[in-house]
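Report on the structure given below.
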Amino acid sequence: MPVFAAAGVGGWGQTQELRGVPELRLVTTPRHASVLLVTGTVPEAHLVAVQRVHDQVPHPRAVVTWRAAGTAKRMPGATYVTGDAAAVVTAVQRAWSALEADPWSTAVDQLPDVEPNEWRGIGPFGQGGEGMMGGTPYGRPMAMTGDDPDGLALDELRLTLGPFLDALPAGLVLDVVLQGEVLREATLRLDALGGTAADATLPSEPSSAMARSGLRWLAHALHVEGLDALAARAAALASRVTGATDRAALSRHADALMRRVRRTGVLRNLHDVGVVPGSGDAAHRWRERMDAIVCALRDNQMPDALEPTRLDTARDLLADALPGSTLTAAISTIVSLDVGGARFGAGTLR
Amino acid sequence: MLGAFLSGLTVTCAAALFTAGCVILARRSTRYPSTAPQRVPALGGFEPETHAWSRFHVRYYPMALLFIAFEMEMMFMYPWAVVFVEEGVTALVEMGMFLAILAVGVVYGWREGAFRWQ
Amino acid sequence: MSDVVSLSPMLGVAVIGGTLAIGAYGVVVIDRLLYAAVAGWPLSLAWAAAQPAREVATVIRRQPVTTEAPDMILWVLAPAAYAGLAATALSVVPLGPGVVVADVRTGIVVFGAAEALAIVAIFLHGWAPNSPLPMIAGYRFVGVALSYELLSMFVLIAAALPAESLSIGAIVESQQGLWNVVRQPLGLPLFLVVTAGVTFTGPLDIVDANDIAGGGAAEDSGMAHLAWAAARAAMLVAFAAAAAAVFLGGWIGPVLPGAMWMALKTLAVVVTVLAGRHLLARVRPERFVRLAWTVLLPLAFLDLAIAGAGSL
Amino acid sequence: MTLAFVVFAAAAVWTGYRVFRTDSMVRASFLLLASFLNVGAILVLMLAEYLGTALLFMMTVEMVVMALFMVMFMMNPAGLNPMEMVHQPRFAAAAGIGSAAALAAVALFGRFPANPVDPNAATIRALGSELLGGSMLVFESAGVTLLATMVCAVVLSSHRGRFGDGDEGSVAPPLEPGGDHRPEDDLVDDADGGHHMHHGGH
């Protein structure tokens with residue numbers, strides 16, 4: 001069942017655990033999905049973004065909101081779910097079968113059907129442009145050139161990689177100036193410093209809470225590096241970490257998983273990628289965090305390696321790491337920093 | 001001999017037309033026209049300021065030029081492969097020399113950093 | 001050549017169409033099974049076989065969304081060209097003893113042309129929707145594709161040396177005594193790299209990559225997405241059949257009929273490539289370009305030298 | 001056979017014509033590729049099957065690289081606004097018609113020897129032995145020329161050399177001839193780089 005997950009504050013962790021559920025298939029772009037799953041409360045600044053992602057899901061579509069306090073009202077026709085992953089699966093299946101029965105019951109657009117700029121009928125061929133590069137042909141202007149150190153002054157793409165991009169931790173917005181595939185400038189936005197709802201699904205006991213949060217990060221990181229099957233295994237392991245379970249079996253499973261991850265060569269790929277002052281390259285951070293997960297499970301410690309990076313410290317760390325790197329390396333760097341999605345501001349755990 | 005090419009061409013065109021037909025039929029007969037918010041490129045939530053089509057700065061342009069020169073060599077190698085067994089050692093030595101010359105070009109390109117993202 | 005008969009065009013369309021359709025569906029089922037195996041889910045063939053059918057049913061009815069100012073002709077042309085090239089690639093490969101759709105004397109040259117045109121199809125598929133992420137995916141792919149394409153040429157030429165002909169049928173017959181995978185050990189691994197590259201599966205999955213939200217297919221939905229995924233699976237079947245024919249002795253085999261051997265060997269290559277998808281992490285594009293030019297290309301030279309010395 | 005030739009020839013001419021009428025650079029380069037594919041098909045019809053199929057993959061790769069460079073440097077690369085692709089239209093039209101007429105005259109009135117190639121002739125084998133026999137000198141000199149092309153391509157295009165970036169330490173010439181005032185001195189006003197307008201710096 002193709003589901004696109006848009007995770008707001010406090011919901012990102014649980015969404016990554018859904019990767020381990022065989023019935024759901026988390027897809028990378030709203031275009032491939034039938035059901036939009038909104039978890040956690042979406043901050044005010046990202047409301048337009050969640051509405052646009054909702055509209056980008058092709059018809060016939062349905063919306064399921066999971067533990068979403070604020071947005072439930074603004075998502076008309078959404079089935080509201082509180083409960084664990086199984087409840088989400090049943091809700092998604094019910095919504096989907098309702099769609100099958102009556103495709104016309106698809107959710108209607110939330111944003112007005114208005115072109116970004118008026119363009120019809122303007123310009124020589126009515127496509128809204130003037131001359132070679134001017135005007136807003138078909139509603140948008142064309143990119144303008146920017147200075148590039150290697151002397152080729154070519155066009156710059158100014159993009160905002162949104163809060164619900166599948167590869168970035170939820171709620172993180174990256175303003176990017178791209179020349180070709182290399183980032184000229186990259187700034188993280190801090191505007192979503194709103195609600196810091198602590199993640200209720202984490203076990204009360206701190207060390208297993210840290211281990212589960214770490215495994216959730218690992219599931220998303222493996223997905224971004226192209227290893228979906230291992231990500232599903234990590235997510236399934238994360239959902240089994242609750243305070244009461246026997247830790248020896250879990251730490252053995254975690255150890256086996258870490259060995260498999262090392263055998264895929266992902267650490268070799270991340271060598272020398274995203275060197276950040278004070279914490280080495282991405283491979284070092286991965287290795288450190290993977291060992292910390294195993295030891296948090298086995299001997300009930302609270303390793304600080306599992307402490308997710310706060311958004312404002314991440315922004316200063318990345319200030320000089322991102323410009324000049326390719327988009328692939330930039331995303332791998334951000335993912336390896338484990339920027340706390342729902343943990344804006346206050347130090348609570350995801 | 002031309003019959004073989006004809007059946008190859010027929011198979012290609014059949015597969016291509018079948019796929020194109022399915023896609024065009026689906027795009028024409030859909031009951032939901034794409035509205036403006038749906039048409040915004042998928043960037044995770046916000047909309048881009050400009051068109052994506054722009055003068056894209058290709059970062060591997062020296063490698064592309066090097067590739068074109070190297071590709072020319074393929075033209076010579078196919079006929080050489082056919083008569084290789086017949087000609088014996090002279091063919092091996094000759095192609096060895098030819099490959100060595102071109103390998104010098106690749107080594108020079110590697111040393112000058114042509115394969116790194118500019 | 002011996003009693004090789006070129007199938008008539010209509011029969012050829014039926015054979016190639018059937019093989020590609022069944023093969024593509026088989027690829028998707030194998031992929032699901034491997035995914036479940038590595039993810040530790042309960043392995044059930046029924047689930048793996050039935051699920052793609054259900055998803056195809058929903059995808060067909062889904063709305064094919066368009067972007068703001070796409071190049072619609074190219075957007076439709078790309079999956080069509082990619083599927084056509086999968087058919088071309090399979091048409092020059094003998095599927096059984098003397099059963100080949102297009103028995104041309106320049107088999108591996110046509111195969112190389114199909115592979116080069118596949119690069120064009122994949123770039124156009126990224127360029128057409130006029131959306132940033134697919135365009136970046138298309139450009140990334142061309143850089144990597146130009147780097148591994150030379151490998152496929154070298155490796156196929158090395159296989160053509162003992163056969164003294166460019167036709168893949170002759171290459172298969174030249175392996176009567178000894179298969180090329182034994183005679184030219186470097187050939188198959190390099191060709192698997194090329195197969196992973198053209199069908200962007202496994203470590204070379206940089207086109208529809210997860211790190212740029214689905215890359216080339218980020219804007220496809222409904223039938224356009226289905227056509228692209230099916231064409232990609234068909235291309236994997238075509239390249240796996242070519243790998244089986246050129247390196248694993250094609251239809252040559254002791255007991256079973258020729259076509260059965262061909263199917264088994266193709267299945268083995270498909271499972272190997274798809275296993276690479278779930279067990280190996282995605283490579284960094286710029287590092288693969290350097291790796292291909294400075295390590296894999298010399299290995300291809302070595303493979304050619306071994307083949308040359310071996311067939312004298 | 002002749003029907004196939006006419007179809008391919010018409011397709012080649014029409015796609016060639018479309019190259020100059022279309023606005024998008026990507027479409028222009030791949031229409032040119034389509035035109036070359038048709039010429040390749042005609043070569044195969046003339047039983048030069050190796051040359052035809054080799055033309056296919058050679059032209060494909062070159063058109064891909066051409067498309068990359070065209071999109072990189074041309075204004076309005078994707079044809080969103082109308083694009084004027086023809087320079088000195090009158091002169092070009094005259095030259096086009098003139099050469100077409102001359103070639104047509106040669107084709108129609110020239111007396112060509114009528115000795116068709118036997119379809120099963122081993123043309124590739126003949127090409128191979130020619131390559132290794134009579135024209136070995138051409139073959140090896142082509143190799144050296146290719147090496148020269150590769151070196152020049154890298155020298156001209158690669159911005160980064162093994163001693164670091166190409167323009168490191170290079171200084172833009174002063175404004176007035178012979179003077180020592182360099183333009184970028186007045187642009188870099190403060191140490192921490194208020195606004196980075198100096199060239200070549202990173």
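Below is a table of values for the structure above.
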| quantity | calculated |
| --- | --- |
| Chain A - percent relative contact order, Cα under 8 Å, separation 6 or more | 18 percent |
| Of A:Arg233, A:Arg315, A:Arg263, the one that fluctuates the most in a GNM where chain A has Cα springs shorter than 10 Å | A:Arg263 |
| Fewest-first sequence of B:Ser54, D:Ser129, C:Ser91 by Cβ atoms within 10 Å of each Cβ | D:Ser129, B:Ser54, C:Ser91 |
| For A:His32, D:His159, C:His278, order by how many other beta-carbon atoms lie within 10 Å, fewest first | D:His159, C:His278, A:His32 |
| Label point distance in nm, D:Asp118-A:Glu44, each placed 7 Å from Cα along Cα→Cβ | 8.9 nm |
| Cα pair distances exceeding 28 angstrom across chain C, given as percent | 38 percent |
| Positive-pole candidate from C:Ala234, C:Leu280, C:Ser44, dipole of segment C:5-310, charges at beta carbon | C:Ser44 |
| Net dipole in debye of segment A:78-148 [+1 Lys, Arg Cβ; -1 Asp, Glu Cβ; about Cα centre; nearest 20] | 160 debye |
| Virtual spin-label span in nm between A:Met132 and C:Ile60, 7 Å along Cα→Cβ | 4.8 nm |
| Computed E for A:Thr242/A:Arg268 - FRET, C-beta separation, R0 41 angstrom, nearest 0.05 | 0.75 |
| Per-bin percent of Cα-Cα distances, segment C:20-167 [5 Å] | 2, 8, 12, 13, 15, 17, 15, 11, 5, 2, 0 |
| For the protein assembly as shown, convex hull of alpha carbons as volume per residue, Å³ | 191 Å³ |
| Residues C:Val255 and D:Ala95, FRET efficiency given R0 of 51 Å [Cβ-Cβ distance, rounded to 0.05] | 0.15 |
| Gaussian network model of chain C, springs between alpha carbon atoms under 10 Å - residue of C:Pro203, C:Pro64, C:Pro162 with greatest fluctuation | C:Pro64 |
| Volume in Å³ per residue [convex hull over Cα atoms, computed for segment B:59-118] | 65 Å³ |
| Most mobile listed residue (C:Asp208, C:Asp103, C:Asp71) in chain C, GNM with C-alpha springs under 10 Å | C:Asp71 |
| Net charge dipole size for chain A [Lys, Arg +1 and Asp, Glu -1 on Cβ; Debye, nearest 20] | 1340 debye |
| Residue-averaged beta-carbon neighbours from other chains (10 angstrom radius) around A:219-226 | 4 |
| The protein assembly as shown, dipole about Cα centre (Lys/Arg Cβ +1, Asp/Glu Cβ -1), debye to the nearest 20 | 3000 debye |
| Those trypsin sites (Lys or Arg not before Pro) in segment A:91-171 that DSSP places in a loop and that have at most 16 other beta carbons within 10 Å | A:Arg120 |
| Residue (of B:Leu9, B:Pro79, B:Pro41) at the positive-pole extreme of segment B:2-83, dipole from beta-carbon charges | B:Pro41 |
| Semi-axis lengths, Å, chain A, gyration tensor of Cα atoms, sqrt of 5 times eigenvalues | 35, 28, 17 |
| Net lengthening on full extension, A:Ser279/A:Thr90 (0.36 nm per residue, minus Cα-Cα) | 63.8 nm |
| Pairwise label distance in nanometres, D:Phe109 with A:Arg158, each label 7 Å out on the Cα-Cβ vector | 6.5 nm |
| Cα lying deepest toward the dipole's positive end in the protein assembly as shown, options C:Val193, D:Ala153, D:Asn81, charges on Cβ | C:Val193 |
| Cβ neighbours within 10 Å from other chains - mean over B:102-113 | 6 |
| Shielding of D:36-49 by partner chains, average beta-carbon count, 10 Å | 2 |
| Ranked B:Arg31, A:Arg19, criterion: other C-beta atoms within 10 Å, fewest first | B:Arg31, A:Arg19 |
| FRET E, pair C:Val271, C:Trp47, Förster distance 25 Å, beta-carbon r, rounded to 0.05 | 0.85 |
| Largest-first principal axis extents of the Cα set of segment D:1-75 (Å) | 43, 23, 9 |
| Compactness index (Cα Rg / 2.2 N^0.38 Å), segment A:2-105 | 0.96 |
| Shape box of segment A:111-162 [Cα atoms, principal axes, largest first, Å] | 40, 32, 8 |
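Read-outs throughout are calculated quantities, based only on the coordinates presented, and are distinct from any laboratory measurement. Everything quoted here is computed from the prediction, not taken from an experiment. Ideal geometry is used to build each Cβ from the backbone, glycine not excepted, and the neighbour counts take in all protein chains shown.
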